[in-house]
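Peer 1: Got a structure for you, written out below as structure tokens; questions coming shortly.
Computed from the coordinates by the stated procedures, all read-outs in this text should not be read as laboratory data. Remember, predicted model here, so these are calculated numbers, not experimental data. Positions of Cβ are backbone-derived with ideal geometry, glycine not excepted, and every protein chain shown enters the neighbour counts.
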Amino acid sequence: MDYAIETIALTKTFADWWGRRKVYAVNDLTLQVNTNEVFGLLGPNGSGKTTTIKMLLGLLHPTRGHAFLLGGQGDDPKINARVGFLPEESYLYKYLTPRETLDFYGRLFGLPRAVRKDRIETLLDMVGLKAVANRQVGSFSKGMARRIGLAQALINDPDLLILDEPTTGLDPIGTRQIKDLIINLAKRGKTILLCSHLLADVEDVCDRIAIMYGGKVQAQGHVNELLEQADKRQITTGQISDQAMGQIRDILEREHAEFDLSSPMEKLETYFVRTVAEAQQQAQPTSGAESTTRMAGFLAGEEDAQKQVLSSLVQGQTKSEPKPSQAGTRTAKSAQSTEVEPKSAVLDSLIKKAPDQVTLETPKKSEDTAAPIQTKTQVNRGILDQLVDPGQQGDATTEKPRKGDSDHA
Amino acid sequence: MRSVWAVASNTIKQALRMKIAVVFIVLLLVILPVMAFSASGDGTIKGRLQTFVSYGVSLTSFLLSLLTIFAAIHTVTGDITQRQVYTVLTKPIRRYEYLAGKCLGILVLDLALLVAFSAGIYAVAVYGPDMMGADQATRQELSDQFYTARASLFPKTLDVTPEEVEAEYQKLKNNQTMDQYFAEGTSVLRVKDWIYKRMRLEKNAVAAGSQKVWEFKNVKVADPNGMLFVRFKFEVATTPEDEQIISQWAVGDIRPLRQGKQPNTRIYEVQRKDPVRMFREFVIPADAIAADGYVAIAFMNPPINQTVVMFMEQGNNQNLESQSLAILFKAGTFQENFIRGVCVVFFRLVFLAALACLASTFLSFPVAVLMSLVVFFTVSISGFVLEAFTFMDAAVGKIYNNTLALLIKGLPQFDKYNPAAYLVDGRLIDAEMFNWASWTIVWAAVLMGVGLLIFSGKELARDTS
């Protein structure tokens with residue numbers, strides 16, 4: 001099988017001044033990332049994640065072993081043409097404007113002027129920096145620079161996207177947007193290597209993860225498999241009567257099961273995104289976080305821009321349709337972020353007045369079981385739906401399939 | 001090639017927006033006009049124009065050289081330390097394309113600035129006489145000696161061999177006359193140096209009341225009806241009170257005279273009175289030159305001068321500036337010559353750009369700048385450096401001669417062929433100069449090649465400089 005990324009016994013040691021080997025940054029790393037997979041490389045600081053990426057891209061030479069990208073070497077221009085890379089910091093030319101920055105990188109890819117112009121405008125729109133597109137990047141905040149960094153990584157419509165700590169310095173909305181983008185790019189057949197120590201980011205979007213420590217992989221596998229607690233069950237409902245609750249309690253007692261009944265808590269990220277979106281809709285003024293507001297506006301409903309970006313990115317790409325099996329996985333992933341967990345049921349139904357729903361699923365080991373990832377049906381559904389081309393995905397506003405329907409049926 | 005140009009144009013933007021180029025541009029914009037108004041030279045219009053062109057071209061060349069070094073090193077080392085290479089070199093661009101793009105960007109900027117400032121200098125040089133209201137005689141003089149491109153020939157200074165020095169030294173020792181000249185304990189080397197200099201002076205001196213003849217062969221004048229210029233400078237043993245030397249000259253084919261026959265061509269005789277230690281010229285028709293290209297120049301030092309006049313080359317440089325006697329004849333136009341001069345300056349910048357790119361592939365910004373400046377100043381004063389070590393202790397001298405001296409001689413010697421000096425004298429920048437210029441390009445290619453080799457194998461993500 002052809003892997004999008006493959007390392008074989010990859011090792012990198014750093015020597016001291018006398019040439020004596022001192023540090024094993026990466027030690028005998030063997031890793032395979034499948035095509036059209038979102039792969040998360042996790043680990044604490046100094047665990048070898050970034051060193052691995054640098055070796056993949058030819059910025060560092062392996063001491064031993066091999067690293068392959070899309071079946072070739074990371075310093076081969078033919079391979080580079082199909083890869084997008086966002087380093088751990090954006091490393092931009094301070095004297096260029098965002099538009100010039102993207103034009104420069106576009107020219108490195110040999111993109112014709114018309115294509116460049118088109119993509120630059122849509123990408124600027126997507127990352128919410130169109131209004132400051134003619135200001136020099138040197139005056140930008142870290143988060144704004146990060147957005148340009150992301151845009152430059154996407155200018156060539158890459159088959160493989162390598163993102164090193166993509167959400168560093170971004171506000172929660174920017175973070176959410178990047179995660180949504182990753183999910184949607186994956187739907188269009190892209191492979192994504194996500195390198196992060198922010199576990200929530202990785203958990204939300206990755207199919208598989210590897211956890212590195214001391215330059216070695218300590219654990220790897222599918223996120224769901226790794227996190228599933230097979231000996232527990234979780235029931236999520238809309239608001240139900242006290243009588244029904246009593247009956248459920250009786251049943252559980254008869255089963256001698258340990259249980260805890262309470263209303264679920266909403267995730268802070270979700271709450272934050274919704275609050276800002278509401279403020280934006282009421283057109284409340286903001287002074288400092290201007291970009292954030294703009295981003296929120298962009299997330300809240302500038303539909304055309306986002307559609308344009310993604311359709312321009314997938315233009316002419318033959319494998320833009322996700323493979324059936326992967327599509328299933330991906331849809332389940334999306335469903336995961338739309339599901340409503342027990343404690344949020346009351347609040348949720350109050351807000352959206354949706355018909356009562358019942359989801360039966362296996363809870364995750366994650367600490368924040370009580371804090372569901374996303375109630376996207378209210379706040380972020382708009383974003384995701386805009387990113388999903390209705391032509392391909394059906395009616396974007398319809399209910400997503402449930403996780404239990406696909407993965408755990 | 002597209003990506004090379006993308007890097008090049010980005011480099012130009014960087015040099016301009018990061019203000020590196022701006023500093024040098026402002027300096028030139030301020031100094032050149034000031035110079036145009038303040039240059040005085042020897043007070044004549046010709047002198048003013050010569051001074052302006054000389055300093056203008058030299059200053060432009062010097063400042064653009066510094067710009068090249070600073071901007072090239074800044075752009076490459078900056079990309080490495082600030083890690084823009086992470087995003088640039090992971091795009092479909094080879095490392096040699098990247099480095100070539102950086103170098104190209106600097107050179108395009110150089111070329112644009114060089115053309116702009118040279119055009120300004122040229123305009124002042126050409127329209128200067130009109131602005132200063134020059135009379136007809138001055139215009140004629142300028143046309144003959146400044147707005148022209150003259151080829152030059154000069155006689156070889158008679159040198160003294162080490163054997164002759166040794167013989168003289170032994171003589172001095174045997175006659176026990178050493179004490180008259182030197183204190184006891186003076187080193188042999190110093191005594192020999194003194195003997196060498198004295199003998200060299202003797203060989204090239206013309207005593208009062210005697211004469212000297214120089215013969216030139218293969219003098220090929222473009223226009224037989226044109227003019228032949230004799231350029232001279234009197235070095236004297238004792239300066240006359242009025243600091244003037246009276247001289248008698250004869251120019252022509254003197255070979256028949258030696259055989260007691262009538263000369264075939266006209267022999268021109270000239271009498272002059274000129275200040276000492278200053279370059280002066282006189283003009284005679286070019287028909288003084290024989291059909292086979294032979295011409296002789298005779299100099300008579302009249303007894304009334306009461307001093308020895310010496311004609312010899314200063315320093316080791318084979319250029320007109322260091323020659324106290326030369327003949328010149330028109331071989332091209334000022335305009336062509338000016339363009340050639342500007343090209344030679346550009347070739348220097350190519351060399352420096354390649355040097356700076358090489359230095360930045362393995363050194364940090366300050367160290368790379370230091371290294372480049374050391375090389376730049378060394379090649380700019382190569383004549384002085386080589387001369388400074390001529391009389392070294394034998395053992396050290398041997399090591400030096402086989403290492404550093406060889407290297408300096410091999411490097412392009414900027415001072416040896418200085419286009420500004422050529423333009424000032426209306427001297428033709430000839431094939432020899434262009435051969436040298438192509439040698440500069442060869443050096444640039446070698447430096448760039450080494451730079452590419454180092455850069456291609458470099459672990460870019462590991463740089464800690």
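Peer 1: Rounded to the nearest 0.05, what FRET efficiency do A:Glu253 and A:Leu198 have when you use their Cβ-Cβ distance and R0 = 51 Å?
Peer 2: Working: r = 40 Å, r/R0 = 0.79.
The pair A:Glu253/A:Leu198 has a calculated efficiency of 0.80.
Peer 1: Here's something else I'd like to know. With unit charges on the beta carbon (Lys/Arg positive, Asp/Glu negative), name the residue among B:Thr161, B:Cys343, B:Ile69 whose Cα is farthest towards the positive pole of the charge dipole of chain B.
Peer 2: In chain B, that residue is B:Ile69.
Peer 1: Angle, helix B:162-174 long axis vs. longest principal axis of chain B, Cα atoms, 0 to 90°, nearest 10?
Peer 2: With both axes taken from Cα atoms, the answer is about 60 degrees.
Peer 1: Please compute, over every Cα-Cα pair in the range B:204-332, the percentage with a separation greater than 20 angstrom. If you can, show how the numbers build up before the last one.
Peer 2: On the way: 3771 of 8256 pairs.
Of the Cα pairs, 46 percent sit more than 20 Å apart.
Peer 1: Further question: Considering amide H positions built from the backbone, and no H for Pro or chain starts, which residues 5 or more places from A:Asn27, or on another chain, come under 5 Å of its amide H?
Peer 2: Placed amide hydrogens put A:Lys12, A:Lys216 under 5 Å from A:Asn27.
Peer 1: Which stretch or stretches of the range B:187-219 have amide N atoms under 19 Å from the point lying 7 Å from B:Arg280's Cα along the Cα→Cβ direction?
Peer 2: It comes to B:205-214, nothing else.
Peer 1: Let me ask something else. Using Cα pairs under 8 angstrom and six or more residues apart, how large is the relative contact order of the range B:204-332, in percent?
Peer 2: 45
Peer 1: Report Rg(Cα)/(2.2 N^0.38 Å) for the range B:110-259, keeping two decimals.
Peer 2: On the way: Rg = 24.0 Å, N = 150, 2.2 N^0.38 = 14.8 Å.
Scaled against compact globular proteins, the figure is 1.62.
Peer 1: Would you mind checking the tilt of helix B:188-203 against the longest principal axis of the Cα atoms of chain B, expressed as 0 to 90 degrees and rounded to 10?
Peer 2: 60
Peer 1: Any idea what angle helix B:2-17 forms with the longest principal axis of chain B, computed on alpha-carbon atoms, 0 to 90 degrees, nearest 10?
Peer 2: The answer is roughly 80 degrees.
Peer 1: Could you give the nm distance between label points at B:Gln262 and B:Gln306, where each point is 7 Å from its Cα heading toward the beta carbon?
Peer 2: 4.3
Peer 1: Provide, as a two-decimal number, the C-alpha radius of gyration of the range B:256-384 over 2.2 N^0.38 Å, N being how many residues it has.
Peer 2: Working: Rg = 23.3 Å, N = 129, 2.2 N^0.38 = 13.9 Å.
Taking N as the residue count of the range B:256-384, the ratio is 1.67.
Peer 1: Cross-link list A:Lys187/B:Lys91; B:Lys197/B:Lys416; A:Lys54/B:Lys91: which exceed 18 angstrom alpha carbon to alpha carbon? Could you put the intermediate results ahead of the total?
Peer 2: Numbers: A:Lys187/B:Lys91 24 Å; B:Lys197/B:Lys416 23 Å; A:Lys54/B:Lys91 13 Å.
Cα-Cα > 18 Å for A:Lys187/B:Lys91; B:Lys197/B:Lys416; rest within.
Peer 1: Between A:Gln229 and A:His66, what length comes free when the chain is fully extended (0.36 nm per residue of separation minus the Cα-Cα distance, one decimal in nm)? If you can, show how the numbers build up before the last one.
Peer 2: Values: separation 163, 0.36 × 163 = 58.68 nm, distance 3.62 nm.
Once the chain is fully extended between A:Gln229 and A:His66, it gains 55.1 nm.
Peer 1: Where does the longest stretch of chain B lie that holds no GluC sites (Glu not before Pro) found in a DSSP loop with 11 or fewer other Cβ atoms within 10 Å?
Peer 2: Numbers: sites that count: B:Glu184, B:Glu241.
Of all site-free stretches, the longest is B:242-465.
Peer 1: The range B:1-35 to the range A:146-190: how many Å between their Cα centroids?
Peer 2: 35
Peer 1: Could you compute the FRET efficiency for B:Phe384 and A:Phe14, with r as their C-beta to C-beta distance and R0 at 56 Å, rounded to 0.05?
Peer 2: Numbers: r = 46 Å, r/R0 = 0.82.
So the FRET efficiency works out to roughly 0.75.
Peer 1: Expressed in nm to one decimal, what extension gain is obtained for the pair B:Thr403 and B:Val126 from 0.36 nm per residue of sequence separation less their Cα-Cα distance?
Peer 2: Details: separation 277, 0.36 × 277 = 99.72 nm, distance 4.56 nm.
Stretched fully, the B:Thr403-B:Val126 segment lengthens by 95.2 nm.
Peer 1: Over chain B, consider all pairs of different Cα atoms and compute the Kirkwood hydrodynamic radius from their mean reciprocal separation; express it in Å, one decimal.
Peer 2: Values: mean 1/r = 0.0393 Å⁻¹.
Final number for the Kirkwood radius of chain B is 25.5 Å.
Peer 1: Also, quick follow-up: Express in nm, to one decimal, how much length is gained between B:Leu27 and B:Ser40 on full extension, taking 0.36 nm for each residue of separation and deducting their alpha carbon distance. Spell out each step's value before the answer.
Peer 2: Numbers: separation 13, 0.36 × 13 = 4.68 nm, distance 2.06 nm.
Difference between extended and current length: 2.6 nm.
Peer 1: Something else: I'd like to know which of A:Gly128, A:Leu42, A:Leu60 lies farthest towards the positive end of the charge dipole of the range A:28-140, counting +1 on Cβ of Lys and Arg and -1 on Cβ of Asp and Glu.
Peer 2: Sorting the options by dipole projection puts first A:Gly128.
Peer 1: Here is a further query. Between B:Thr138 and B:Glu269, take the C-beta separation as r, use R0 = 30 Å, and let me know the FRET efficiency to the nearest 0.05. List each step's numbers first, then the result.
Peer 2: On the way: r = 26 Å, r/R0 = 0.87.
Here the calculated transfer efficiency is 0.70.
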